[in-house]
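> Dropping the structure in here first, questions after.
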Amino acid sequence: MLAFFVLAWLTLVSILVAAPETVNGALRLSPGGGGRAAGLVVTAGLTAFIALLGVGVVRRWRWMFWLVLAAFLAGLLRVPASALQLAGILPSNGPTWYALLQGAIGILQFVIGLAMLAGLRRGGPWGPF
């Protein structure tokens, strides 16, 4: 779980550094000068949120388990959304690689959610997979 959170954070920072226009598109910012500052604010906010999630996982907060489980199982919804973006049915908020990345993240989230359900059956919240 912690590895996924670190990987998500590293992906965000990599996108912000390598393709800041993608972040601006996802945030629906104009291509003007405020995009970099907004990207840094979003990164700082997500860093704080991911840190909170990490603390919740390490301390095995029960409410955090249910929050993460629901979010990860809902990650499967990213797959059809990405497919509809690639097909041009839904408006795309970034390049093709970004839609593919979102779909892949959704699949990974769903698999982790299923593993969390298996751990829940075996040992309760935060039980071993």
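> Is there a residue in the range 95-107 that is surrounded by fewer than 16 Cβ atoms within 10 Å (Cβ to Cβ), without any contact (Cβ under 8 Å) to a residue 12 or more places away in the chain, within 21 Å of Ala3 (Cα to Cα) and out of contact with any helix residue (DSSP H, G or I) (no Cβ under 9 Å at 6 or more places or on another chain)?
No, there is no match, as no residue in the range 95-107 is surrounded by fewer than 16 Cβ atoms within 10 Å (Cβ to Cβ), without any contact (Cβ under 8 Å) to a residue 12 or more places away in the chain, within 21 Å of Ala3 (Cα to Cα) and out of contact with any helix residue (DSSP H, G or I) (no Cβ under 9 Å at 6 or more places or on another chain).
> Right, another one. Looking at (1) assigned to a helix (DSSP H, G or I); (2) among the hydrophobic types (A, V, I, L, M, F, W, C); (3) touching a Gly at 6+ places or on another chain (Cβ under 6 Å), can you tell me which one Ala118 breaks?
Evaluating Ala118 over (1) assigned to a helix (DSSP H, G or I); (2) among the hydrophobic types (A, V, I, L, M, F, W, C); (3) touching a Gly at 6+ places or on another chain (Cβ under 6 Å) leaves (3) as the failure.
> Quickly run through the range 6-58 and pick out the residues that are open to solvent by less than 40 Å² (accessible area, probe 1.4 Å), under 17 Å from the mean Cα position of the chain (by Cα) and modelled with pLDDT under 75.
Result: Val23, Asn24, Gly25, Ala26, Gly39.
> I want to confirm something. Restricting to the range 90-115 and keeping residues that are part of a helix (DSSP H, G or I) and hydroxyl-bearing (Ser, Thr, Tyr), which single residue is farthest from the chain's Cα centre (by Cα)?
Applying the filter and picking the extreme gives Thr96.
The values are calculated or read from the model by the stated rules, or taken from the named source; none is laboratory data. Since we're looking at a predicted model, the values are computed, not measured. Don't worry about glycine lacking a Cβ; one is built from the backbone with ideal geometry, like all the others, and counts go over all protein chains shown. Ligands, DNA and RNA are stripped out before the accessible areas are found, and what is left, the full protein with its side chains, is counted by its heavy atoms. Shrake-Rupley method; radii C 1.70, N 1.55, O 1.52, S 1.80 Å.
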